[in-house]
Structures are given as structure tokens and as C-alpha cells.
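Input: a single structure, listed below in C-alpha cells.
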Amino acid sequence: MSEPILRVRGLTTTFGDGALHAVRDVSFDVMPGEVLGLVGESGSGKSVTLRSLLRLLPAGGRVAGSVCWHGRDVLAMNEAELRGVRGGEISMIFQEPMTALNPVLPIRVQIEENLRAHTKLDGRGRRARARELMDLVGIPDAARRLDEFPHQFSGGMRQRAMIAIALASDPKLLLADEPTTALDVTIQDQILKLILELRDELAMSVVFVTHDLGVVSATCDRMAVMYAGRIVEEGAVADVFACPRHAYTHGLLGSVPQAGAERSMLLSIEGTPPGLARIPEGCAFNPRCDFATDICRRTRPRLAEMSPGHHAACHNAGAVAAAGSPVRRAMRDG
Amino acid sequence: MIVAAFPQFFAPYDPLAMDYVNLLAPPSAAHPFGTDNFGRDVLSRVLHAYTIDMQIALFATLFPFLFGTTVGAIVGYVGGATEAMFGRVVDAVITFPFLVLVIAIVSVLGPGLMNMYIAIGVVGWVFYARIVAAEVKVQKRLDYADAGRAMGYTHARIIFRHLLPNAITPAVVYWMTDMALAILLGSSLGYLGLGAQPPAAEWGVQIADGKNFMATAWWISVFPGIAIVITGLGFSLLGDGLAELLRGRR
């Protein structure tokens with residue numbers, strides 16, 4: 001196995017003078033060419049985790065731990081080094097392509113801004129590269145569309161343009177923050193395919209934040225499930241879907257409607273995720289958990305290896321595994 | 001306006017030429033706007049004053065616009081203590097009526113157009129800065145500002161290339177209104193003898209010249225007054241038009 005390109009250890013993000021922990025002690029690796037999915041409900045800390053990797057936090061946010069990128073700790077970098085990494089080596093795309101694009105600048109300018117910041121291309125080189133990128137992300141009639149403004153693009157085209165900007169300087173890691181959530185289902189599929197194609201073509205890795213398990217099964221190699229700021233289960237997508245070891249993952253998988261299967265009860269997880277200020281003692285999931293026992297209310301389970309490459313933090317992993325996967329094979333296969 | 005932009009071609013008389021035969025002549029075919037107490041043609045003076053008043057409109061507002069916008073963008077982006085400090089400066093300035101401050105500064109520096117520009121500049125930039133700072137504060141929270149940071153752009157680049165074009169519209173509109181106000185202010189100061197100095201043709205000066213003859217020769221003051229109103233209205237409409245145009249681009 002090759003070396004991971006990104007090694008995250010003990011990532012902890014706090015807000016308001018350390019009073020609120022949005023992310024607690026999160027560790028994971030990203031391998032070259034791999035697509036890692038970060039999954040969880042709203043408020044589970046997945047987006048904050050992603051932003052913490054590049055220290056892109058709103059005022060008052062503090063990140064601790066280490067984010068090791070090619071032997072350098074992103075969290076310890078000075079401003080200039082950090083700017084070099086952001087957008088150049090590690091790039092990011094956002095959920096809402098309408099607001100993530102600058103409304104008053106033509107797409108060409110926005111692509112060239114990235115090139116200006118991270119490459120030594122001259123004006124002509126930047127022009128040519130912008131053209132090339134538009135073709136790369138599948139925007140037809142590139143020459144004309146380059147001079148258009150974001151509001152002249154449809155939702156899917158905007159996300160493609162966003163991807164073109166993010167990939168302008170050949171990053172080796174793409175951070176995608178729910179890039180398809182705001183799009184139509186058919187467009188979602190196109191964008192996901194595009195990201196996977198580009199992953200192969202540009203030999204980059206992708207960290208994909210989503211709450212959509214369908215997206216995970218369609219695109220990711222490995223997945224990490226987050227709950228209340230911690231990773232509760234992590235492993236290859238096929239393993240996790242086939243045999244979830246954490247009660248929360250089990251519940252998540254059970255709540256996905258499945259086409260093609262005979263009608264069955266759609267399971268939901270009762271209650272809502274806890275607020276950051278009121279995370280319950282023991283396992284954070286215990287008040288909502290069907291498998292909860294006494295120990296779950298007292299001590300927090302540690303992330304432990306269940307089978308090779310498959311970790312979970314659940315006292316009752318055995319019982320959860322015995323309950324079997326709520327996902328039918330049909331869905332896993334595609 | 002075109003006629004007024006090139007007074008030397010259109011104005012029937014030299015604005016400074018005195019004609020002692022035709023003192024305080026009412027409007028007639030030879031002098032459509034009449035003549036003033038020195039026998040100068042009012043029409044010619046109104047047209048010539050246009051150039052000076054346009055200069056006032058431009059120079060009195062250009063520095064405040066540029067400087068205020070720059071400061072405002074930085075203050076809005078940085079926020080925190082800088083913003084708090086800036087807030088106190090704004091408070092200090094807006095506590096005093098604008099005209100009083102300007103008059104105070106001009107009286108210290110001495111009357112004249114240049115000193116008037118300086119006085120208006122020293123006070124006026126604050127208003128632009130306040131407008132732009134407020135707008136940048138809103139813009140910097142939007143996703144595209146985050147995206148700019150995620151792409152590794154420098155702060156200066158994000159402020160001036162990405163945020164400012166989105167934040168500048170209200171400042172541009174205010175600028176247009178301010179030009180109209182600057183003309184009024186220039187005229188007021190001219191009227192008070194602190195701006196353009198006689199015998200230069202300037203609308204405010206002209207109105208001041210005419211005030212002693214209001215009862216007998218209303219035309220000396222009324223025509224420059226109408227010119228001020230029309231120009232001010234023109235700038236306001238221009239500002240509205242620009243606002244519409246800039247909004248249309250989004």
C-alpha cells in the first residue's frame with residue numbers, strides 16, 4: 001500500500017474560546033487517487049472537518065491537531081505557505097454554485113484568477129488554459145461561455161464552472177462540500193461522473209462531504225461516518241454497507257429508500273443530533289440508539305478495528321453486526 | 001449640456017467683459033438672460049460657470065470616492081478593532097454638520113477652489129468609507145469570498161478584485177448624488193465668498209452677486225439657480241441610471 005497523501009490526526013475544531021467542539025479528535029488518511037466520503041446528518045461536523053483541513057473557518061474558530069500534507073503540517077503553516085496550498089495543491093468546491101461564484105465577474109476572469117495565483121502562465125497562457133478547462137469539465141461552446149457571467153449559467157453548468165476554477169492549477173486533492181446537494185437528480189449524476197472522471201484523468205484524491213448515502217455508494221472508495229463531531233465508523237464503502245458495525249450507521253442505512261426492493265418499512269432514526277453544547281455522556285448517540293445498553297450511557301466507546309481496514313466506535317458492534325445490513329444487495333451494486 | 005461644455009464656442013459674449021451701457025438690462029434678444037450690475041452677459045456667465053462647477057463636482061468628490069472606497073473596503077473586510085476605531089471616526093465627523101466642518105476648514109486654509117477641494121475631501125471620504133464598509137461586511141460572508149480564500153488568493157486580491165466590484169454600486173450611486181451636492185456646496189461656499197472668487201463665473205458667486213438686485217434684476221440670480229437645479233437633477237438621474245445598470249449585471 002502506498003503512503004497516504006493526507007494524514008489527519010486528532011483534528012479538533014472549537015468555536016467561541018473552546019466552549020463548543022464542532023469536531024473532536026478526528027483522524028483519517030486519504031490515499032492517492034482515493035475518494036473518501038464523509039457522511040453524517042446536518043450538524044455532525046462533516047463540513048467543519050472539511051473546512052478545517054484548509055483552516056477555512058469563520059471568525060472565532062480554532063483548529064488543533066495535525067493535518068499532514070506531503071510531510072508539512074497545514075495547521076502550522078504561515079499565511080503565504082497556506083495560500084500556496086489552498087487552491088494550488090488542495091482545492092475546494094462548494095455546495096451552492098450560485099453563491100460560490102462571484103456574481104459580477106465573468107467565468108473567464110474567475111478561472112484566470114486561480115491561474116494568476118498559482119501558476120506562472122502569462123495572459124495568453126491563462127486564456128488558453130481557461131479554454132482547456134472549460135472543455136475538460138464539459139461546458140460546450142467554451143469560447144463564448146467564458147465571457148458570460150454566472151447568472152447566465154444553469155445550476156449544473158455553474159457547478160462545472162466551479163470545478164473548472166478549482167482544478168485550474170492541477171490540485172492533487174479536491175475537497176467537495178456537498179457539491180451535488182443543490183442540483184437536480186439527473187444533473188447530480190452528471191456532476192458525480194465528472195468528478196470521478198477528473199479524479200482518474202488528473203490522478204487526484206477527493207474528499208467528499210455528503211449526507212446522501214446513494215452518492216457515497218456511487219462514488220466513494222472509503223467512507224467515514226460522523227456523529228456529533230466524531231468519526232464513529234470508517235471503512236471501505238462495500239464493507240460498511242454490507243456489515244455496519246455502529247448503531248448509527250445501521251440506522252442511516254436503514255433510512256434510505258430503496259427502489260426495486262419490495263415495499264418495506266422505511267426506518268428513521270428518532271430524535272435529532274445533540275447540540276454542540278449538550279453532547280450526552282458516554283456514546284453521543286445513546287439517547288437515539290436502539291441497541292443502547294448501560295455502558296453506552298457511561299463510557300464513550302473508542303474507535304476500534306473490527307475487521308481489517310474497518311473501524312467502529314460502538315460498544316455493541318457485535319449486536320449491530322448480527323442485526324445485518326438494512327441495505328439490499330441491489331442497492332450496493334449500483 | 002453639450003452647449004455648456006464648450007462655452008467658448010456658444011457663449012455670445014466674454015463672461016468677464018463689462019458693458020457699462022447695458023447695466024442690469026432685462027432679458028432681451030441681445031442678452032437672453034439679461035446682464036448683471038457690471039453689464040456682463042448672464043447667459044455667457046452661466047455657460048462658463050458650467051465648466052467651473054463641473055470641476056467642482058468632479059474634484060470635490062473624486063478623492064473622497066477613491067480614498068473612502070479603499071478605506072471602507074479594507075475596514076469592512078478586516079472588521080474587529082479596526083472597524084470599531086473607524087466607527088468612532090465616523091461618529092466624530094457626522095456629529096458636526098457637513099457644511100460647518102467644511103467652512104471651518106476653509107476658513108483656516110483660506111478661501112479658494114483648491115482649499116475648498118481639500119476641505120471637502122478631508123470630510124467627505126468618511127461617508128463613502130461607511131457605505132462601502134457596510135457593503136463589504138455583507139459580501140465577505142458570502143460563499144464566493146470563502147471560495148476566494150479556499151483558492152488561496154491574497155487578502156488584497158479578495159478585497160479589491162472580488163469583493164469590491166460587488167460592494168461598490170451604492171458608493172457609485174452616492175457619488176453621483178454627491179456631485180450634485182458638491183455643486184450646491186461649491187455654490188454655497190461661492191455665495192459665502194469661500195469658494196470660487198469673483199470675478200470668476202460660478203453659479204454660487206453669481207447668485208451672491210445678484211442678491212442685492214433681487215427686486216429689480218431677478219435674472220442675475222435666477223438663471224444660475226436654474227442651472228444648478230438642472231445639473232443637480234441630471235446627476236441624480238445619472239446615478240439612478242447607473243444603479244439600474246449595475247444591478248442589471250447581477
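The values are calculated or read from the model by the stated rules, or taken from the named source; none is laboratory data. Quantities reported herein were computed from a predicted structural model and do not represent experimental measurements. Cβ: placed from backbone, ideal geometry, glycine included. Neighbour counts: every protein chain shown. All accessible areas refer to the heavy atoms of the entire protein, side chains included, with ligands and DNA or RNA removed. Shrake-Rupley method; radii C 1.70, N 1.55, O 1.52, S 1.80 Å.
Things worth noting here:
- Filtering the stretch A:147-168 to residues that are surrounded by fewer than 20 Cβ atoms within 10 Å (Cβ to Cβ) and not in a helix (DSSP H, G or I) leaves A:Asp147, A:Glu148, A:Phe149, A:Ser154.
- Residue match in the stretch A:261-268 (condition: surrounded by 15 or more Cβ atoms within 10 Å (Cβ to Cβ) and touching a helix residue (DSSP H, G or I) at 6+ places or on another chain (Cβ under 9 Å)): yes
- Residues being under 22 Å from A:Ser169 (Cα atoms) and either within 11 Å of chain B (Cβ to nearest Cβ) or among the polar types (S, T, N, Q) (or both) are entirely absent from the stretch A:11-27.
- Candidate set from the stretch B:100-125 (those that are in contact (Cβ under 8 Å) with a residue 60 or more places away in the chain and not in a helix (DSSP H, G or I)); member that is nearest to B:Phe63 (Cα to Cα): B:Gly112
- For the stretch B:135-155, the condition of being hydroxyl-bearing (Ser, Thr, Tyr) and modelled with pLDDT under 85 holds for none of the residues.
- Residue ID - surrounded by the fewest Cβ atoms within 10 Å (Cβ to Cβ), chosen from residues in the stretch A:58-91 that are in contact (Cβ under 8 Å) with a residue 60 or more places away in the chain and in a strand (DSSP E or B): A:Cys68
- Those residues of the stretch B:195-227 which are touching a residue at least 60 places away in the same chain (Cβ under 8 Å), closer than 19 Å to B:Leu99 by Cα and open to solvent by 10 Å² or more (accessible area, probe 1.4 Å), in sequence order: B:Gln197
- Identity of the residue in the stretch A:56-68, more than 12 Å from B:Met151 (Cα to Cα) and within 13 Å of chain B (Cβ to nearest Cβ), that ends up modelled with the lowest pLDDT: A:Ala59
- Condition met for B:Ala180 (away from chain A (no Cβ under 12 Å), closer than 20 Å to B:Ser236 by Cα, crowded, with 22+ Cβ neighbours inside 10 Å and not polar (S, T, N, Q)): yes
- Criterion violated by B:Leu192 - all others in (1) within 14 Å of chain A (Cβ to nearest Cβ); (2) open to solvent by 40 Å² or more (accessible area, probe 1.4 Å); (3) in contact (Cβ under 8 Å) with a residue 24 or more places away in the chain satisfied: (1)
- Scanning the stretch A:92-104 for residues that are more than 7 Å from every other protein chain (Cβ to nearest Cβ) and buried (at least 19 other Cβ atoms within 10 Å of the Cβ) yields a total of 3.
- Taken over the stretch A:196-212, the criterion of being buried (at least 23 other Cβ atoms within 10 Å of the Cβ) and either farther than 22 Å from A:Ala238 by Cβ or among the hydrophobic types (A, V, I, L, M, F, W, C) (or both) is satisfied by A:Met204, A:Val206, A:Val207, A:Phe208, A:Val209.
- Odd one out for A:Thr99, checked against (1) touching an Asp or Glu at 6+ places or on another chain (Cβ under 7 Å); (2) modelled with pLDDT under 90; (3) not in a helix (DSSP H, G or I): (3)
- Failed item in (1) more than 11 Å from chain B (Cβ to nearest Cβ); (2) assigned to a helix (DSSP H, G or I); (3) surrounded by fewer than 23 Cβ atoms within 10 Å (Cβ to Cβ), with A:Leu133 passing the rest: (3)
Let's see how each residue does on (1) within 22 Å of the chain's Cα centre (by Cα); (2) within 16 Å of A:Arg9 (Cβ to Cβ); (3) in the same structural domain as A:Thr13 (by TED's automatic domain parsing):
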| position | (1), (2), (3) |
| --- | --- |
| A:Leu56 | yes, no, yes |
| A:Cys68 | yes, yes, yes |
| A:Glu79 | no, no, yes |
| A:Leu82 | yes, no, yes |
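- Listed by first and then second residue, the pairs linking a residue in the stretch A:203-215 that is closer than 19 Å to A:Val185 by Cβ to a residue that is among the small types (Gly, Ala, Ser) and open to solvent by 10 Å² or more (accessible area, probe 1.4 Å), with Cβ atoms under 9 Å apart and 6 or more places separating them unless they lie on different chains, are A:Val209/A:Ser47; A:His211/A:Ser42; A:Leu213/A:Ser255.
- Given (1) at pLDDT 90 or above; (2) buried (at least 19 other Cβ atoms within 10 Å of the Cβ); (3) within 14 Å of the chain's Cα centre (by Cα); (4) outside any helix (DSSP H, G or I), index of the condition A:Ser44 fails: (1)
- With a requirement of 3 or more residues that are among the charged types (D, E, K, R) and at pLDDT 90 or above, the strands (runs of 3 or more DSSP E) lying completely within the stretch A:219-334 that satisfy it span A:230-236.
- Members of the stretch A:169-201 found to be modelled with pLDDT of 90 or more and either in a loop (DSSP other than H, G, I, E, B) or outside the structural domain of A:Trp69 (by TED's automatic domain parsing) (or both), listed by number: A:Pro171, A:Lys172
- Selection within the stretch B:132-170 - more than 10 Å from chain A (Cβ to nearest Cβ) and surrounded by fewer than 23 Cβ atoms within 10 Å (Cβ to Cβ): B:Ala134, B:Glu135, B:Lys137, B:Val138, B:Ala156, B:Phe160, B:Pro170
- Count - residues of the stretch A:162-189 that are more than 18 Å from the chain's Cα centre (by Cα) and either of a type outside the set (Gly, Ala, Ser) or under 12 Å from A:Glu96 (Cα atoms) (or both): 6
- For the stretch A:1-35, a residue qualifies if it is of a type in the set (Asp, Glu), over 20 Å from A:Ile279 (Cα atoms) and assigned to a loop (DSSP other than H, G, I, E, B), and the qualifying residues are A:Glu3, A:Glu34.
- Within the stretch A:105-126, being in contact with a Ser or Thr (Cβ under 6 Å, 6 or more places away or on another chain) and either in a loop (DSSP other than H, G, I, E, B) or more than 10 Å from every other protein chain (Cβ to nearest Cβ) (or both) holds for one residue alone: A:Thr119.
- Test result for A:Asp290, in the same structural domain as A:Leu192 (by TED's automatic domain parsing) and out of contact with any helix residue (DSSP H, G or I) (no Cβ under 6 Å at 6 or more places or on another chain): no
- Yes/no for A:Ala182 being closer than 28 Å to A:Gly10 by Cα and surrounded by fewer than 23 Cβ atoms within 10 Å (Cβ to Cβ): no
- Taking the stretch B:167-199 as the range and being of a type in the set (Gly, Ala, Ser) and touching a Gly at 6+ places or on another chain (Cβ under 9 Å) as the test, the residues that pass are B:Ala167, B:Ala171, B:Ala180, B:Ala182, B:Gly186, B:Ser187, B:Ser188, B:Gly190, B:Gly195, B:Ala196.
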